[in-house]
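Beneath this line is the structure, given in structure tokens, with notes to follow.
Coordinate-derived values only; no laboratory data. What you are looking at is a predicted structure, and each value in this text was computed from that prediction instead of being measured. Every residue, glycine among them, receives a Cβ derived from its backbone with ideal geometry; neighbour counts consider all protein chains shown.
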Amino acid sequence: MLGAIAGDIIGSPYEADPIKRTDFPLFSHASTYTDDSVLTIALADSILSAESYLENLKQYAETYPNVGYGPTFIRWARSNSREPYSSYGNGSAMRVSPVAWAYDTLEEVVTAAGESSAVTHNHPEGVKGAQATAAAIFLARTGSDREAIRSHVRREYGYSLEATLDQIRPAYSFDMTCQGTVPVAILAFLESTDWEHAVRLAVSLGGDSDTLACITGSIAEAFYGGVPAPIATRALEILGRSRQLVEVTEAFRESYACP
């Protein structure tokens, strides 16, 4: 979960100013948490408190109103509707990481990931993106190697994971869909050597950088046993602009033994 938040913060300055290289500052004056972190923590809060995903997503969107939500999500969050809006955007995958830490079996994780997605992103591609991300995190935290994770995601979710990032990067551009974000975020993890390298690879694609780094960071955290301490400390300092967000994050990490 902290891997998702740190990835979001690191990627945030590059969403509006994309880059195609890995040698960039991890943090700057422009580094901040976005809707990726806020909604990740909203799901963590739901798991801790047994509040519904729907209620907490709406509540957190009201409490943290200006952090980069998509226009369709904003309309839904501000409305009285309790119905999903058939999105296949990458919002379902960016927020799912707590689910992958809260359950003991892959089946439970995949089911809960689908439920967390379907509150808003009930399009099959939106659900698939959340489930593929959660499955990758669960497999990573339970000892699967890279090739087992690649094979599972390819077999169960149909994502092509054969191309390299060097092949993808030149033509890759901003893409807010699950199908355009989740596979390349997983590839960034698969090509990485450590957590920081994974996030740098994700940002270097030059797309929806905060969400790419959020998804990649969440898988890399599970695989590499955590976020490097200096990066985690700085990310929590930035998140600490909101006491509630830090308190929920720390409570979840303690409750579910996150690294």
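Data table
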| item | result |
| --- | --- |
| Selected from Val199, Val38, Val96 as most flexible by GNM, with the chain as the system and alpha-carbon contacts under 10 Å | Val38 |
| Cβ-Cβ FRET estimate between Glu83 and Glu108, R0 fixed at 22 Å, reported to 0.05 | 0.30 |
| Segment Ile168-Ala251, extension gain: residue separation times 0.36 nm, minus the distance between their alpha carbons | 26.1 nm |
| Sum of side-chain charges, Ser173 neighbourhood, beta-carbon under 11 Å (Lys, Arg +1; Asp, Glu -1) | 0 |
| Highest to lowest packing among 214-221, 98-105, 57-64, scored as the average C-beta count within 10 Å | 214-221, 98-105, 57-64 |
| At most 16 other Cβ within 10 Å, DSSP loop - trypsin sites (Lys or Arg not before Pro), the stretch 164-252 | Arg241 |
| Distant-in-sequence amide H partners of Thr177 (H built 1.01 Å from N, under 5 Å) | Asn90 |
| Long-range HN-HN contacts of Glu51 with modeled amide H, under 5 Å | none |
| Directionally averaged projected area (convex hull, Cα atoms, the chain), nm² | 11.8 |
| Mean-position separation - Cα centroids, the stretch 156-217 and the stretch 1-42, in angstrom | 14 |
| Lys, Arg +1 and Asp, Glu -1 on Cβ, resulting dipole of the stretch 96-205 about Cα centre, debye, nearest 20 | 180 |
| Radius 14 Å from Cβ of Ala16, net charge of other residues (Lys, Arg +1; Asp, Glu -1) | -4 |
| The stretch 171-248 - convex hull of the alpha-carbon atoms, volume per residue in Å³ | 105 |
| Top positive-direction residue, dipole computed over the chain with Cβ charges, set Ser255, Thr22, Pro230 | Thr22 |
| Choice from Ser37, Ser12, Ser52 showing the highest fluctuation, given a GNM over the chain with Cα pairs closer than 10 Å | Ser52 |
| For the stretch 5-108, with +1 on Lys and Arg beta carbons and -1 on Asp and Glu, the positive-most of Leu43, Ser31, Tyr53 along the dipole | Ser31 |
